[in-house]
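Chemist: One structure is given below, represented as structure tokens, and several questions about it will come after.
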There are 2 protein chains.
Amino acid sequence: MEKETPESRKQVRMQDVAAAAGVSLASVSRVLRTPGAASPDITARVQEAVKRLGYAPSPIASSMAGAQSPIVGVVVPTLANAIFSQSLQAMSSELETSGLQLMMGTHDYDPLREEQAIQAFLRWNPVALIVTGIHHSRDAMRLLLGANCPVYEMWDYTDRPLDNVIGFSMEGAGRAVAQHLIEKRRRNLVFVGHQLARDPRAQVRADAFMAVVAAQDEVTGRVMEVGERNAAAGMAIMQQILTEFPDVDGVAFSGDAVALGGLTAAQDMGRHVPGDISVIGFGDLDPTVASRPPLTTIRPPHEEMGRLIAQSILRRAKTPDSAPQKINLGFELIERGST
Amino acid sequence: MEKETPESRKQVRMQDVAAAAGVSLASVSRVLRTPGAASPDITARVQEAVKRLGYAPSPIASSMAGAQSPIVGVVVPTLANAIFSQSLQAMSSELETSGLQLMMGTHDYDPLREEQAIQAFLRWNPVALIVTGIHHSRDAMRLLLGANCPVYEMWDYTDRPLDNVIGFSMEGAGRAVAQHLIEKRRRNLVFVGHQLARDPRAQVRADAFMAVVAAQDEVTGRVMEVGERNAAAGMAIMQQILTEFPDVDGVAFSGDAVALGGLTAAQDMGRHVPGDISVIGFGDLDPTVASRPPLTTIRPPHEEMGRLIAQSILRRAKTPDSAPQKINLGFELIERGST
DNA sequence: GGAAACTGTGAAAGCGCTTTCACAGGCTAT
DNA sequence: ATAGCCTGTGAAAGCGCTTTCACAGTTTCC
């Protein structure tokens with residue numbers, strides 16, 4: 001009723017709440033961020049004033065005065081690849097009601113850009129920083145180790161993480177793919193990667209794949225690369241494979257998008273899948289169930305990673321002293337028909 | 001060489017730079033943010049000190065003291081749908097070097113959550129706020145109109161935007177799809193949407209589709225819904241359609257993921273595509289080229305929207321007085337073979 | 001030659017919070 | 001009954017910047 005400044009200030013400040021409730025600034029702050037620290041009387045008066053004035057604290061001012069900002073930084077290689085956006089989506093919905101904001105950066109597999117993104121995020125004093133994978137430039141490592149917030153490495157798993165790690169074994173995935181093809185009596189294998197030199201995760205899978213192949217008598221394997229991560233590139237590389245190496249009978253792709261193209265191209269060229277040739281993907285993108293035959297693929301725990309990281313962050317926000325987590329979520333090889 | 005505090009302070013402050021350069025705080029600030037405002041001598045000294053100390057200003061403190069934060073808020077319905085992540089990816093790479101950070105929020109087509117996301121973003125005083133579509137709750141509208149930063153409505157186009165709008169006509173897209181099927185001599189059409197009640201953009205396309213159908217003699221049309229936006233749902237609905245309405249000869253989907261499922265299911269049920277039935281999608285997701293037949297679809301200007309918005313934001317950051325933009329990017333109907 | 005008009009610079013006042021610190025007032029323990 | 005303790009509260013000092021304002025030191029103009 002008794003408003004002092006009709007329209008002069010657009011933004012309600014904590015000061016206004018304090019005045020309205022007849023208490024000090026400090027008390028308002030206490031009521032808002034340390035439940036139980038103020039007496040019931042003051043708590044009630046402040047809460048009433050907050051509601052009446054529609055007050056919401058400025059996250060910027062909190063960040064300035066406090067030690068951290070209500071921000072979670074996330075660095076992913078790209079959003080063009082659906083596997084990362086699925087993790088992000090899960091994280092985003094999980095963080096929804098927490099008051100934390102997702103700050104997002106992409107680097108397109110460029111270590112320098114990754115480092116810059118990390119550096120930029122750290123300046124914001126985020127509550128947590130999430131990076132993709134366990135391979136980073138030396139400087140990026142240094143930044144991450146010096147960060148004064150929990151760091152999460154996502155997607156890969158390792159026993160010796162920087163801090164927290166939630167993911168699965170890329171080596172295991174590469175091996176599983178090779179073993180699966182060998183079990184299916186495939187003898188001439190190809191691993192198709194996309195920019196392996198830039199994507200360390202795919203490189204690890206390729207290496208593991210080739211290691212399994214090398215350990216098998218009478219099985220040959222080679223690694224090939226595509227320039228783009230899309231179906232058209234998959235079609236092109238499959239044509240090349242079947243032309244140059246007609247007796248290839250098993251192809252593993254480092255991504256489902258490319259694999260779907262490869263699957264189609266093989267059939268276009270008259271090969272029967274899986275009779276003549278097996279095709280296996282990675283990622284379990286949605287359309288894999290709609291191809292004919294449906295695509296056998298590796299299913300990473302997309303959403304689960306995002307969800308668990310978000311939950312872990314929220315937990316650590318309350319209990320800052322808890323130990324770092326190492327979670328190996330594993331993966332699933334989903335046999336659908338293309339092998 | 002002559003460092004005063006060996007390890008006492010971890011973060012270099014502007015104060016430190018000022019001291020090192022032998023100038024005042026104000027001068028450092030001027031050199032950094034108003035090129036040309038300081039004398040060449042001071043500018044050189046400050047720049048040298050900045051480089052030597054490895055100083056980078058705290059975005060939080062800048063935000064606190066200045067009028068705006070180096071943040072761009074983006075609200076999209078979901079990242080699970082690749083069409084949005086593609087726009088985001090384009091935005092992200094475009095903003096890469098600008099020093100602006102992307103803050104991202106999702107609402108899963110829930111107007112209340114959209115409103116909350118907008119409200120949360122506005123508290124950060126962002127440089128710009130990007131929302132998806134032109135349909136918002138009353139309160140969300142009020143928030144957007146009261147925002148003291150440029151607001152961008154993305155994806156849809158309208159002549160009377162809140163502020164800026166960059167997108168294409170959903171009505172046009174819905175009409176184009178219907179007209180295309182009619183040109184292909186299809187007579188019994190179905191429009192398949194996903195949660196039309198929650199997704200106003202899809203609803204507009206559905207309505208436009210039905211309007212065209214209604215204006216045509218001897219053409220029937222109906223709208224059906226799927227619960228999930230994935231290939232499995234597409235397969236299920238196509239089975240239902242062909243069972244309940246065996247003479248349907250044209251199906252338009254409100255998303256490619258669902259359409260790819262529908263395409264496959266139709267063929268699984270013995271229908272020839274496009275001989276017996278035409279299938280058309282929306283979104284031009286990557287795997288559309290790999291289906292057999294490849295999927296005819298509507299291609300929205302994904303990346304272009306993201307890129308143009310980012311560029312517009314950067315431009316307006318320099319020229320704050322420039323007029324709001326209204327850009328209708330149009331769409332493309334890509335005929336591939338499934339119609 | 002003196003007044004008026006610029007220029008570039010530094011001191012200082014915030015921005016809206018959090019947190020420390022000192023201090024009343026009501027306790028418990030002797 | 002008095003000394004010593006808690007407990008809850010408010011005053012005040014920042015957090016690291018931006019920006020205003022006043023002030024020298026120059027230049028320009030009559």
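Chemist: Out of curiosity, is A:L144 more than 16 Å from DNA strand C (Cβ to nearest atom), over 24 Å from A:A257 (Cβ atoms), within 17 Å of the chain's Cα centre (by Cα) and among the aliphatic types (A, V, I, L, M)? Give the derivation first.
Modeler: Details: more than 16 Å from DNA strand C (Cβ to nearest atom): yes; over 24 Å from A:A257 (Cβ atoms): yes; within 17 Å of the chain's Cα centre (by Cα): yes; among the aliphatic types (A, V, I, L, M): yes.
It is true that A:L144 is more than 16 Å from DNA strand C (Cβ to nearest atom), over 24 Å from A:A257 (Cβ atoms), within 17 Å of the chain's Cα centre (by Cα) and among the aliphatic types (A, V, I, L, M).
Chemist: Within the range A:29-46, which residues are among the polar types (S, T, N, Q) and under 38 Å from the mean Cα position of the chain (by Cα)? Quick ask: steps written out before the conclusion?
Modeler: So the first thing to find is which residues in the range A:29-46 are among the polar types (S, T, N, Q), and the list is A:29, A:34, A:39, A:43.
Within the range A:29-46, A:S29, A:T34 meet the criteria.
Chemist: Right, another one. What residue, of A:A80, A:A65, A:A18, is over 30 Å from B:V76 (Cα atoms), crowded, with 18+ Cβ neighbours inside 10 Å and either within 16 Å of DNA strand C (Cβ to nearest atom) or touching a residue at least 60 places away in the same chain (Cβ under 8 Å) (or both)?
Modeler: Values: A:A80 fails: over 30 Å from B:V76 (Cα atoms); A:A65 fails: crowded, with 18+ Cβ neighbours inside 10 Å.
A:A18 is the lone residue from the list that is over 30 Å from B:V76 (Cα atoms), crowded, with 18+ Cβ neighbours inside 10 Å and either within 16 Å of DNA strand C (Cβ to nearest atom) or touching a residue at least 60 places away in the same chain (Cβ under 8 Å) (or both).
Chemist: While we're on this one: Anything in the range A:93-112 that is part of a helix (DSSP H, G or I), over 21 Å from A:S58 (Cα atoms) and within 9 Å of chain B (Cβ to nearest Cβ)? List them, or say none. If you could, list the steps in order and put the result at the bottom.
Modeler: Applying the first criterion (part of a helix (DSSP H, G or I)) to the range A:93-112 yields A:93-98, A:111-112.
From the residues that got through so far, the ones that are over 21 Å from A:S58 (Cα atoms) too are A:93-94, A:111-112.
The one that is part of a helix (DSSP H, G or I), over 21 Å from A:S58 (Cα atoms) and within 9 Å of chain B (Cβ to nearest Cβ): A:S93.
Chemist: Could you name every one of the helices (runs of 4 or more DSSP H) located completely within the range A:227-339 that has at least 2 residues being under 30 Å from A:R33 (Cα atoms) and out of contact with any Phe, Trp or Tyr (no Cβ under 7 Å at 6 or more places or on another chain)? Spell out the reasoning first.
Modeler: On the way: elements: A:231-244, A:256-268, A:302-318.
Helices (runs of 4 or more DSSP H) meeting the threshold: A:302-318.
Chemist: Now, a different point. Run down A:G283, A:G255, A:G250 and say which single residue is under 14 Å from A:R336 (Cα atoms) and either buried (at least 21 other Cβ atoms within 10 Å of the Cβ) or in the same structural domain as A:K184 (by TED's automatic domain parsing) (or both). Give the derivation first.
Modeler: On the way: A:G255 fails: under 14 Å from A:R336 (Cα atoms); A:G250 fails: under 14 Å from A:R336 (Cα atoms).
Residue meeting the stated conditions: A:G283.
Chemist: Related question: Name the residue that is farthest from the other protein chains (Cβ to nearest Cβ), counting only residues in the range A:245-288 that are within 26 Å of B:A233 (Cα to Cα) and among the β-branched types (V, I, T).
Modeler: Ranking the qualifying residues of the range A:245-288, first place goes to A:I280.
This table checks each residue for (1) in contact with a Ser or Thr (Cβ under 8 Å, 6 or more places away or on another chain); (2) over 21 Å from B:A61 (Cβ atoms); (3) among the aliphatic types (A, V, I, L, M).
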{"residue": "A:Q15", "(1), (2), (3)": "no, no, no"}
{"residue": "A:V23", "(1), (2), (3)": "no, yes, yes"}
{"residue": "A:S27", "(1), (2), (3)": "no, yes, no"}
{"residue": "A:G36", "(1), (2), (3)": "no, yes, no"}
{"residue": "A:I42", "(1), (2), (3)": "yes, yes, yes"}
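Chemist: Does any residue in the range A:305-322 that is closer than 12 Å to A:C149 by Cα come within less than 6 Å, Cβ to Cβ, of a residue that is of a type in the set (S, T, N, Q) six or more places away or on a different chain, and which pairs are these?
Modeler: A:R316/A:S322
Chemist: Counting just the residues of the range A:25-45 that are within 8 Å of DNA strand C (Cβ to nearest atom) and surrounded by 13 or more Cβ atoms within 10 Å (Cβ to Cβ), which one comes out farthest from the other protein chains (Cβ to nearest Cβ)?
Modeler: The first filter runs over the range A:25-45 and keeps only residues within 8 Å of DNA strand C (Cβ to nearest atom), leaving A:25-26, A:28-30, A:32-34.
Narrowing the set further to residues that are surrounded by 13 or more Cβ atoms within 10 Å (Cβ to Cβ) leaves A:25, A:28-30, A:32.
Working: A:L25: 16, A:V28: 17, A:S29: 16, A:R30: 21, A:L32: 14 Å.
Among residues in the range A:25-45 that are within 8 Å of DNA strand C (Cβ to nearest atom) and surrounded by 13 or more Cβ atoms within 10 Å (Cβ to Cβ), the one farthest from the other protein chains (Cβ to nearest Cβ) is A:R30.
Chemist: Residue check: is B:V31 within 16 Å of DNA strand D (Cβ to nearest atom) and more than 24 Å from A:N125 (Cβ to Cβ)? Break it down into steps so the answer makes sense when it comes.
Modeler: Numbers: within 16 Å of DNA strand D (Cβ to nearest atom): yes; more than 24 Å from A:N125 (Cβ to Cβ): yes.
Yes, satisfied.
Chemist: Let me ask another. Restricted to the range B:58-71, and to residues that are at the interface with another protein chain (Cβ under 10 Å from one of its Cβ atoms) and of a type in the set (A, V, I, L, M), which residue is nearest to the chain's Cα centre (by Cα)?
Modeler: B:I71
Chemist: Could you tell me which numbered condition A:C149 fails, if it satisfies all but one of (1) within 14 Å of chain B (Cβ to nearest Cβ); (2) in a helix (DSSP H, G or I)?
Modeler: In the conditions (1) within 14 Å of chain B (Cβ to nearest Cβ); (2) in a helix (DSSP H, G or I), A:C149 misses (2) alone.
Chemist: Which residue pairs have Cβ atoms closer than 7 Å, lie 6 or more positions apart in sequence or on different chains, and pair a first residue in the range B:218-233 that is assigned by TED's automatic domain parsing to the domain that holds B:F245 and within 17 Å of B:L285 (Cα to Cα) with a second residue that is among the hydrophobic types (A, V, I, L, M, F, W, C) and surrounded by fewer than 22 Cβ atoms within 10 Å (Cβ to Cβ)?
Modeler: B:A231/A:V289; B:A232/A:V289
Chemist: Every residue in the range B:49-84 that is assigned to a helix (DSSP H, G or I), in contact with a Pro (Cβ under 9 Å, 6 or more places away or on another chain) and within 15 Å of DNA strand D (Cβ to nearest atom), please.
Modeler: Of the range B:49-84, the ones assigned to a helix (DSSP H, G or I) are B:49-53, B:59-65, B:82-84.
Then keep just the ones that are in contact with a Pro (Cβ under 9 Å, 6 or more places away or on another chain); that gives B:59, B:62-63, B:83-84.
Listed by number, the residues that qualify are B:P59, B:S62, B:S63.
Chemist: Shifting gears a bit: Just wondering, is there one or more residues in the range A:19-40 that are in contact with an Asp or Glu (Cβ under 9 Å, 6 or more places away or on another chain), modelled with pLDDT under 95, of a type in the set (S, T, Y) and not assigned by TED's automatic domain parsing to the domain that holds A:V258?
Modeler: Within the range A:19-40 (the criterion being in contact with an Asp or Glu (Cβ under 9 Å, 6 or more places away or on another chain), modelled with pLDDT under 95, of a type in the set (S, T, Y) and not assigned by TED's automatic domain parsing to the domain that holds A:V258), the answer is no, since none of the residues qualifies.
Chemist: So A:E4 passes all but one of these: (1) away from DNA strand D (no atom under 13 Å from the Cβ); (2) within 26 Å of the chain's Cα centre (by Cα); (3) modelled with pLDDT under 95. Which condition number does it fail?
Modeler: (2)
Chemist: Can you name the residue in the range B:194-224 that is buried (at least 23 other Cβ atoms within 10 Å of the Cβ) and of a type in the set (G, A, S) and is also nearest to B:T243 (Cα to Cα) among such residues?
Modeler: B:G221
So that you can scan it fast, the table gives a plain yes or no per residue for (1) of a type in the set (S, T, Y); (2) touching a Lys or Arg at 6+ places or on another chain (Cβ under 8 Å):
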position: B:I118; (1), (2): no, no
position: B:H135; (1), (2): no, yes
position: B:S169; (1), (2): yes, no
position: B:G172; (1), (2): no, no
position: B:I182; (1), (2): no, no
position: B:L189; (1), (2): no, yes
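Chemist: Exactly one of these conditions fails for B:R13: (1) under 28 Å from B:D286 (Cβ atoms); (2) out of contact with any strand residue (DSSP E or B) (no Cβ under 9 Å at 6 or more places or on another chain). Give me its number.
Modeler: Of (1) under 28 Å from B:D286 (Cβ atoms); (2) out of contact with any strand residue (DSSP E or B) (no Cβ under 9 Å at 6 or more places or on another chain), only one is false for B:R13: (1).
Chemist: Given the criteria crowded, with 19+ Cβ neighbours inside 10 Å, small (G, A, S) and within 16 Å of DNA strand C (Cβ to nearest atom), does B:A90 qualify?
Modeler: Working: crowded, with 19+ Cβ neighbours inside 10 Å: yes; small (G, A, S): yes; within 16 Å of DNA strand C (Cβ to nearest atom): no.
The answer is no for B:A90.
Chemist: For A:D156, all conditions in the list (1) touching a helix residue (DSSP H, G or I) at 6+ places or on another chain (Cβ under 7 Å); (2) free of Cβ contacts under 8 Å to residues at least 60 places away in the same chain; (3) within 14 Å of another protein chain (Cβ to nearest Cβ) hold save one; what is the number of the exception?
Modeler: All conditions are met except number (3).
Table: residues versus (1) assigned to a strand (DSSP E or B); (2) out of contact with any Pro (no Cβ under 7 Å at 6 or more places or on another chain); (3) at negative phi.
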residue	(1), (2), (3)
B:E114	no, yes, yes
B:F121	no, yes, yes
B:A128	yes, no, yes
B:V131	yes, yes, yes
B:H135	no, no, yes
B:E171	no, yes, yes
B:V177	no, yes, yes
B:L189	yes, yes, yes
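The values are calculated or read from the model by the stated rules, or taken from the named source; none is laboratory data. None of these values were measured; they are calculated from a predicted model. All Cβ positions, even for glycine, are placed from backbone atoms using ideal geometry, and neighbour counts span all protein chains on display.
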